[in-house]
Amino acid sequence: MTDLIDEIKTLIIETLNLEDVTVADIDTDAPLFVEGLGLDSIDALELGVALHKRYGLTLSDEAEETKEHFASVRHLADFVAAHRNR
Amino acid sequence: MTDAEAWRIWAREEVSLVNHGETAPVKDMPPLLRRRAQPLGRAALEVLYAPSLDYANQPMVFCSRHGEIARSLTLLQSLAAEGQVSPQEFSMSVHNAIPGLFLIAKKSRSPVMALASENQMMLSGLIEALGQLADGAPSVILLFCDAPLPPLFRPFVNNEPTCFAFALEVTAGNDYRLVHGEATGDSLVSALPPESSLPLLRFVLDETRRALPLTQAADWRLLRQLSPEVGHA
C-alpha cells in the first residue's frame, strides 16, 4: 500500500506540475483540495483524467462519492486499489 | 543584460535578443498559480512582477501575436490521438489566461484587454492603450510578449526569432505622438521586421530616433516629440 501511496503522490506531482513539491512533502492524510495541498477544481478534473489513463478508473457522477475518494491521498489509494483494472 | 546602457546599445545597434533557453523564475508568484504558465507566460509574468513596474491595478493591454500557441497545438494533437484533452491545459488555452493568472495572484479586478495581431501588434496595442487613457485611466500597462512558433506552424506565418516579454507604462503626455497619414515614400518605409513588437522597445530606448513605422506602408507612425531645447541644439 505504501508503494501505491507514493505512486499516487508522484502522479499528482507530475500531472499537476507541482514545482518544488516532493513525495515526502505530501501528507498522506491531509486534504488535497482547498486546504492541505491547496488544489482547485481544474486539478480535480486533471487528476480524474490521469487516474483514468493510469488505472482505468472511471469516476462516478455522484459528487459526494467522488469527493470522498479525493479527500486525501490515502482515500485515493484505497479507491485505486479496490477498482483499478490496469 | 541587466544595466540600462546595455539595453540602449541593444536598441541602437539592432542586435538580436538571445534567449538561452532559461525559464523565468517568477519567484514572487505563488507556486500554485505559477505552475500553470509555460515559458512565454512566465516571461510575461516575470515582467509584470518587476519591482520597477509597480503594479497598482492599472488597466492592462496584453499583446501577443500567438500567445502560448504550443499549448493549443498539444491540445489538438492529444484530441486527435486520444480523444481527450487535459482540463488544465484547456483552461489555460485562451489568449487572456496569462494576465488572468497575474490578476488572480494580485486579487485585482482591473480590466485586461488581450490582443492578437499578425502584422500590426504594436499599433493595435498602442491604440487600445490610448483608448483606455482617453476613457480616464491615469496610466495603462502595455505588455508585449511572443515566442518562436512550434515547427509545424512555421511555414505559414512570420516566426518570432526569440522568446521575449516587455511592458511599457503609458501615461498621457507629449513625449510621443501617434500619427496617421499618407504612406510616405521616404526612408521611414521599410518592411516590418519579423519581430512583432520588439521594434517598439528599441524605439523607446533609442533617443536618437524620431519615427517608428507601425504598419508595412508606414501610414501609421509613432513620433518622438523633441523638446524645444533639443530641437534648437
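What follows draws every value from the coordinates through simple rules; no lab data is involved. Computed from a predicted model, the values in this text were never measured in an experiment. Cβ: placed from backbone, ideal geometry, glycine included. Neighbour counts: every protein chain shown.
Summary table
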item	result
Number of the exception - B:His66 against (1) away from chain A (no Cβ under 13 Å); (2) under 28 Å from A:Val21 (Cβ atoms); (3) assigned to a loop (DSSP other than H, G, I, E, B)	(2)
Segment A:9-36 residues that are within 14 Å of another protein chain (Cβ to nearest Cβ) and within 19 Å of B:Ala37 (Cα to Cα), paired with ones that are in a helix (DSSP H, G or I) and charged (D, E, K, R) (beta carbon under 7 Å, 6 or more apart)	A:Thr15/A:Glu46; A:Leu16/A:Asp43; A:Leu16/A:Glu46
Residue identified as buried (at least 17 other Cβ atoms within 10 Å of the Cβ), within 14 Å of chain B (Cβ to nearest Cβ) and not in a helix (DSSP H, G or I) among A:Leu51, A:Leu47, A:Leu59	A:Leu59
Residue in segment B:12-21 that is part of a helix (DSSP H, G or I), within 18 Å of A:Glu46 (Cβ to Cβ) and away from chain A (no Cβ under 14 Å) present	no
Odd one out for B:Lys27, checked against (1) away from every other protein chain (no Cβ under 14 Å); (2) over 18 Å from the mean Cα position of the chain (by Cα); (3) charged (D, E, K, R); (4) in a loop (DSSP other than H, G, I, E, B)	(1)
Complete set of residues in segment B:94-131 that are over 30 Å from B:Asp219 (Cβ atoms) and surrounded by fewer than 18 Cβ atoms within 10 Å (Cβ to Cβ)	B:Val94, B:Ile104, B:Lys106, B:Lys107, B:Ser108, B:Arg109, B:Ser110
Contacts under 9 angstrom Cβ, first residue in segment B:11-29 being more than 15 Å from B:Glu46 (Cα to Cα), partner among the basic types (Lys, Arg) and assigned to a loop (DSSP other than H, G, I, E, B), 6 or more apart	B:Ala11/B:Arg209; B:Arg12/B:Arg209
